[in-house]
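We did not get these values from a lab; they are worked out from the coordinates using the rules stated. Everything numeric here is computed off the predicted structure, so don't read it as measured data. Here Cβ is always computed from backbone atoms with ideal geometry, including for glycine, and neighbour counts include all displayed protein chains.
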Amino acid sequence: MNRVYIKTYGCQMNERDSEAVGAMLRRRGYSLVNNESDADVVLLNTCSVRDQAEQKAIGKTGYLAKRKRTDPNFVLGIMGCMAQNRGEELADRLPDLDLLVGTQKFHAVPDHLDYILETQKGLGPQPTTIVDLDAEEGSQNTIREHLADKPQVSTFVSIMQGCNMNCAFCIVPKTRGPERARPIEAILDEIEELVDGGTKEVTLLGQIVNSYGRREIPIRGGKSPFVQLLERIQEIKGIERIRFTSPHPRGFRQDLVEAYRDLSKLCEYVHLPAQSGSNRMLKLMNRPYSRERYLEIVDNLKSVFPDMYFSTDIIVGFPGEKEEDFEETVDLFQTVAYDMAFIFKYSIRSGTPAATMKDQVPQKLKEERNQRLLGLLEKSSLARNKSLIGTNQEILIEGKAKRGNLYRGKTRGFRTCLVPSSERLVGELVSVRIDRATASSLYGDLVLGGVDEIGSDELLLPEEI
Ligand code: 5AD
C-alpha cells in the first residue's frame, strides 16, 4: 500500500520539487515506482504556465480517478502550480481527488499520505479531499533532499522560491508566491553532500536566479548575492561545472558578466529569456528592459567569452503583436543566433493583465510565427554544431544514451554529445573529437589522454622526441 508514482509536468523546478517529495516519502517508508500501474498512490506535480499543461494534468486526473471505482484504496493527489492556481475549484471539479497540495507545502505530503492511508484502514474519519494550499514562511528551505540511490552526475539545486516580477502574461507570481532565498551556507552544504554522492555539475534553479538573496544578503565588493553564491560554489572541490536557470535581463549586471570570465567552473552557456524583440511588446508585457539593453548584455557576455552559447524563451502572439513587432523578434533571433530556444504560443492565463488585453492574436498566426522561429532555431543550432566538427570538446559523461550503444554527455556549451564509451567513464570529464553533427546532437570519439590530447604539431616537435 505504499508504492508511490510521481508524475511531473513543466519546468526543472517542478522536477526538482518532485525529487525532493520523493526523497521525503522514501525516508518515511514509502517506495517510489516508475509507472502509474505499479503504484498505490499517484501524485501529479503540475504546471500552470500555459493552459495546455493544465489541461493535460486535468485529463490525466480524470483518467486515473476511474481506477478508484474498482480500487477504492487507490490514492490520487495533485501538487504544485495548478493546485495553487485553481485551488478548491479543482477539488470541487474532481471529487475523487484525495489530496491537493500547493507549492509551499511539498514537505507536508508525507504527513498527508500517512493520514490518508491510516483513515483507509478505518483508523480515522473518512476524509474528503485534503486541501493544503497556504503560504508557509521558510518553505524555500524544505526543498533540499535528493534521492540518494540515484547518483546523478548533473543535479538541480533549488536556491530560492517565488517571483516578484509582474510580467503581464505570467501566472507564476500567483502560483509560487513572492521571492524567498535560501541561505548561502545551506545551499553549499547541500552541494557538498551531492559531491559525496557523485555529482560533478550543479544547475542552480530559481524563477529569477540573479535576484537571489537581494533582500536577505548585502552586496559585497560590488558583487550581488547571486555572484557571491557562484564564487562560493566555485570553491567546492569535486564540482566541475556550474550552470543556472533562469536569469532575468533586468539585473544582469557586469558582476555577473565578469563571473563568466573569473569563475572557471561557470559554463559558457546562458539561458536569457527575451520574450520579444520588440520594445513595444516588451512594454506591454511589462518586461523592464529594452531590446537594446538585451543586446548589450549579449555583447558584454561575448566580450568576456567570444564563443558564449545563448538560449532564450520567446512568446509569440502576445496580445497586440503586429507583423512588424514579430519581425523585430525575428531580427533579434537572427542577431543572437540562439543555440537553443523555447518558443511559446501565448496562452491566456486568467487573472493576469494580458488575459483581458484587446487584440488577442489568432491561433493560426501564433502557429505560423512559432514555426518560423523554430525554422531559424534549427538553422542556428545546426550551424553551431557544425562549427564544432573537428574540434575537441570537453564532455561530462552522464550515462547511457537511450538508443544504440552510445553514452551521452554535454559540452560546456550544453550541446548534447553521443560517444562510444563505457560505464567506467560515467561522471568523468572526457575529451571528444567531434566528427559529425546534427541540429540536436554531436557525435565523435574519445580522445585518449596523453596521446591525442597533445596536438599533432606538438608531437612532432624535435625536443619531444
Ligand atoms: N503563454 C505562453 N508562454 C508563457 N510563458 C509564461 N507565461 C506564458 C503564457 N501565458 C513562457 C515564458 C516564460 C516561460 C517559462 O514560459 O516565455 O519565460
Mind checking which aspartates and glutamates have their Cα closer than 15 Å to the Cα of K60? Skip sequence neighbours fewer than 8 apart in that chain.
E36, D51, D96, D98
Roughly what % antiparallel, to the nearest 5, for the DSSP beta bridges in region 129-231?
40
At most 14 other Cβ within 10 Å, DSSP loop - trypsin sites (Lys or Arg not before Pro), region 1-73:
R28, K66
Rounded, prolate or oblate, given the Cα gyration tensor of region 76-149, with a/c below 1.5 counting as rounded?
oblate
Between S422 and E137, what is the spin-label point distance in nm, taking each point 7 Å from the Cα along the Cα→C-beta axis?
5.7
Work out, step by step, the length gained on full extension between Y115 and E235: first 0.36 nm times the residue separation, then minus their alpha carbon distance; give nm to one decimal.
38.8 nm
Eight or more residues apart or on different chains, and alpha-carbon atoms under 22 Å: count the Lys pairs in region 331-441 matching that.
10
Stretch E327-S440 to full length: gain in nm at 0.36 nm per residue minus the Cα-Cα span?
38.1 nm
In nm, to one decimal, how far is the Q52 label point from the L406 one, both placed 7 Å along Cα→Cβ?
2.7
Counting sequence-distant residues (5 or more places) and residues on other chains, those with an amide H built under 5 Å from that of I78 are L44, L99, L100, V101
Classify region 268-319: rounded, prolate or oblate, from the alpha-carbon gyration tensor (a ≥ b ≥ c, eigenvalue square roots; a/c under 1.5 rounded; otherwise prolate if a/b is larger than b/c)?
prolate
Using 0.36 nm per residue of separation minus the Cα-Cα distance, give me the extension gain between N2 and E88 in nm, one decimal.
28.3 nm
Of all GluC sites (Glu not before Pro) in region 223-317, the ones in DSSP coil with at most 13 other Cβ atoms within 10 Å are E235
Set of lysines with alpha-carbon distance to K121 below 20 Å, sequence-local pairs under 8 removed:
K68
DSSP loop trypsin sites (Lys or Arg not before Pro) in region 339-395 with at most 16 other Cβ atoms within 10 Å of their Cβ, which ones?
K358
Going toward the positive end of the dipole of the chain, with +1 on Lys and Arg Cβ and -1 on Asp and Glu Cβ, which of I217, I315, G399 do you reach last?
I315
What FRET efficiency would be calculated for the residue pair Q334, N166, taking the C-beta separation as r and a Förster radius of 25 Å, to the nearest 0.05?
0.25
Using the Cα atoms of region 141-282 to build a convex hull, what is its mean projected area in square nanometres?
9.2
Name the residues whose placed amide hydrogens come within less than 5 Å of the amide hydrogen of F342, ignoring near sequence neighbours (fewer than 5 apart) on the same chain.
T312, D313, I314
Return, in residue-number order, each cysteine of the chain whose C-beta is not under 4.7 Å from any other cysteine's C-beta.
C11, C47, C81, C163, C267, C417
Name the shape class, rounded, prolate or oblate, that the alpha-carbon gyration tensor gives for region 98-210, where a ≥ b ≥ c are the square roots of its eigenvalues, rounded holds for a/c under 1.5, and otherwise prolate holds if a/b is larger than b/c and oblate otherwise.
oblate
Would you mind computing the Rg to Rh ratio of region 223-321 from its alpha-carbon coordinates, Kirkwood style for Rh?
1.02
Please rank I236, I315, I191, fewest neighbouring Cβ atoms within 10 Å first, as an exposure proxy.
I236, I191, I315
